[in-house]
1. Yes or no: GLU125 of a type in the set (D, E, K, R), in a helix (DSSP H, G or I) and either in contact (Cβ under 8 Å) with a residue 24 or more places away in the chain or surrounded by 17 or more Cβ atoms within 10 Å (Cβ to Cβ) (or both)?
2. Is it true that some residue in the stretch 97-109 is surrounded by 15 or more Cβ atoms within 10 Å (Cβ to Cβ), part of a helix (DSSP H, G or I) and in contact with an Asp or Glu (Cβ under 7 Å, 6 or more places away or on another chain)?
3. Give the residue that is surrounded by the fewest Cβ atoms within 10 Å (Cβ to Cβ), with candidates limited to residues of the stretch 1-28 that are touching a Ser or Thr at 6+ places or on another chain (Cβ under 9 Å) and under 19 Å from TYR71 (Cα atoms).
4. Considering each residue of the stretch 5-52, count those that are among the aliphatic types (A, V, I, L, M) and in a loop (DSSP other than H, G, I, E, B), and give that number.
5. I'd like to know if the stretch 106-115 contains one or more residues that are among the hydroxyl-bearing types (Ser, Thr, Tyr) and farther than 21 Å from ASN32 by Cα.
6. All but one of (1) crowded, with 17+ Cβ neighbours inside 10 Å; (2) of a type in the set (Asp, Glu); (3) over 21 Å from LYS77 (Cα atoms) hold for GLU90; which doesn't?
7. Sort out which residues of the stretch 29-75 are exposed (fewer than 14 other Cβ atoms within 10 Å of the Cβ), touching a strand residue (DSSP E or B) at 6+ places or on another chain (Cβ under 9 Å) and within 23 Å of SER118 (Cα to Cα), and write them in order of number.
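FYI, it's all coordinate maths here, none of it is from the lab. Source: prediction; values computed, not measured. We place every Cβ from the backbone using ideal geometry, glycine too, and count neighbours over all the protein chains shown.
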Amino acid sequence: MKTILVDAVHCFVSKDGEIFQKMYELLETYSNRKIILTGANDEQFIMFKLEKMPYEVFTLKHNPEKTDPKYYEIMLKNFNFNKNNVIYFEHDVNAVKSAQSIGINTYYYNNDKKDLESLKKFLDENVI
């Protein structure tokens, strides 16, 4: 079963640290492990209330940024994951391209549209 990698701020969490409840409810319909990915430093971690998330949170504190493929290489190694055993959704186009460049199946989630139906379709087609 694949691990679902979840973009943190401007996707799962608002800039005020509020969880997008409908996205949380959608994710809870899957028994897969979920990990929230962020670049937040210590100050941002508190500002966005990432210590209060319902899933474990992974950050490299902007060193490197998620727009750098090294971020995902380090993350995979940290969890001893294979790129084929994870799926990811992310709101930043450049971070999507970065993750895809190392072979992670990544979905661009348009935060302005909040299209959970399309996200559900991506998850349904890829979680196994």
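1. Numbers: of a type in the set (D, E, K, R): yes; in a helix (DSSP H, G or I): yes; either in contact (Cβ under 8 Å) with a residue 24 or more places away in the chain or surrounded by 17 or more Cβ atoms within 10 Å (Cβ to Cβ) (or both): no.
Here the answer is no, as GLU125 does not meet what is asked.
2. Yes, that holds for at least one residue.
3. VAL9
4. The qualifying residues number 2.
5. Scanning the stretch 106-115, I find no residue that is among the hydroxyl-bearing types (Ser, Thr, Tyr) and farther than 21 Å from ASN32 by Cα, so the answer is no.
6. (3)
7. Correct list: PRO54 only.
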